Amino acid sequence: MSARALLQEVLDSYLQAYTAHDAAGCAAAYTRDGQIFSPYGPPVTGTAAIVATHEAWFSEGETDKKMTILEARVDGDIAFCSLIYSAHVPVEGGNTERVFGSSLNTFLRQPDGHWKIRHTSLNELEDDQTGISE
């Protein structure tokens, strides 16, 4: 299986939980000591903090999250991918707007052979990335 397909499975599981606003399910995609570095809040480490961060994101009303892997590599029990993400977020007047960002993620192969996210670093993008992420 290609690195892209392997990591896409992890991201698809994460996106299913995200769409369902299942913060615990989102955190389950991460290692117990997983970390998120984000312009949307302070760095977080560990399952409880990742759950709380996702609960806060869900309360903001973000919907229709999409992720597109740009590059992926696996080297032994470590992997990484860079990706573009997008989502609709509420704006004044009851409308939504599409926002875009990029992310770099590291993954660790678990003893059972499954992969989990160890680090996520998020960045906002000002430009419309529709051609890439949709």
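The values are calculated or read from the model by the stated rules, or taken from the named source; none is laboratory data. Given the structure is predicted, the values throughout are model-derived calculations rather than measurements. A quick note on method: Cβ atoms are made from the backbone with ideal geometry, for glycine too, and the neighbour counts reach across all protein chains shown.
If you scan the range 53-81, which residues turn out to be acidic (Asp, Glu), part of a strand (DSSP E or B) and within 15 Å of the chain's Cα centre (by Cα)? Within the range 53-81, Asp64, Glu71 meet the criteria. Within the range 82-110, the set of residues being more than 15 Å from the chain's Cα centre (by Cα) and polar (S, T, N, Q) comprises Asn95, Thr96, Gln110.
Filter the range 90-130 for residues that are charged (D, E, K, R) and assigned to a strand (DSSP E or B); which is surrounded by the fewest Cβ atoms within 10 Å (Cβ to Cβ)?
In the first step, residues of the range 90-130 are kept if they are charged (D, E, K, R); the result is 92, 97-98, 109, 112, 116, 118, 124, 126-128.
Adding the requirement that they be assigned to a strand (DSSP E or B) leaves 97-98, 109, 116, 118, 124.
Values: Glu97: 9, Arg98: 15, Arg109: 15, Lys116: 16, Arg118: 18, Glu124: 11.
Checked the range 90-130; the qualifying residue surrounded by the fewest Cβ atoms within 10 Å (Cβ to Cβ) is Glu97.
Of all residues assigned to the range 38-52, none qualifies as being under 18 Å from Ala5 (Cβ atoms), aliphatic (A, V, I, L, M) and either more than 13 Å from the chain's Cα centre (by Cα) or buried (at least 16 other Cβ atoms within 10 Å of the Cβ) (or both). Of all residues in the range 1-40, those satisfying the criterion of being assigned to a helix (DSSP H, G or I), under 13 Å from Thr53 (Cα atoms) and of a type in the set (Gly, Ala, Ser) are Ala23, Ala24, Gly25, Ala27.
Note on the range 41-52: among residues that are assigned to a strand (DSSP E or B) and out of contact with any helix residue (DSSP H, G or I) (no Cβ under 6 Å at 6 or more places or on another chain), the one that is farthest from Val99 (Cα to Cα) is Thr45. In the set (1) of a type in the set (A, V, I, L, M); (2) modelled with pLDDT of 95 or more; (3) out of contact with any Cys (no Cβ under 7 Å at 6 or more places or on another chain), the condition left unmet by Ala17 is number (3). Within the range 48-71, no residue satisfies the criterion of being in contact with a Leu (Cβ under 9 Å, 6 or more places away or on another chain) and over 22 Å from Glu9 (Cβ atoms).
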